[in-house]
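Peer 1: Sending over a structure as structure tokens; questions will come in a sec.
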Amino acid sequence: MANSMETEQDAQGQSSGIECKQLVLAQALPKEHEMDTRDKYTTFSRTAKNHRKGVHKVPHFTKRPIPRTTPTGF
């Protein structure tokens, strides 16, 4: 009985007991359905005209974490 309970909790990612800084930071990021459309498909760029750049123009955007927070005011 205890093994099935542990298996269910592990599937949900709750009972592993492992904590690391990167995991905590990743869990603190908003989920995709919680994000604004603007933040989902664009990222901050100092050089762009309106300070936003389409994600598809960011090099290797699928391989590198994109900051999901924008500077204040953008």
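Peer 1: Considering amide H positions built from the backbone, and no H for Pro or chain starts, which residues 5 or more places from Thr42, or on another chain, come under 5 Å of its amide H?
Peer 2: Val55
Peer 1: I would also like to ask the following. Take the Cβ-Cβ distance between Leu23 and Lys57 as r, set R0 to 30 Å, and report the resulting FRET efficiency rounded to the nearest 0.05.
Peer 2: Values: r = 30 Å, r/R0 = 0.98.
It comes to 0.50.
The numbers here are math on the coordinates, done by the rules we state, and not lab data. It should be emphasised that the depicted structure is a prediction, and the values quoted were computed from it without experimental measurement. Ideal geometry is used to build each Cβ from the backbone, glycine not excepted, and the neighbour counts take in all protein chains shown.
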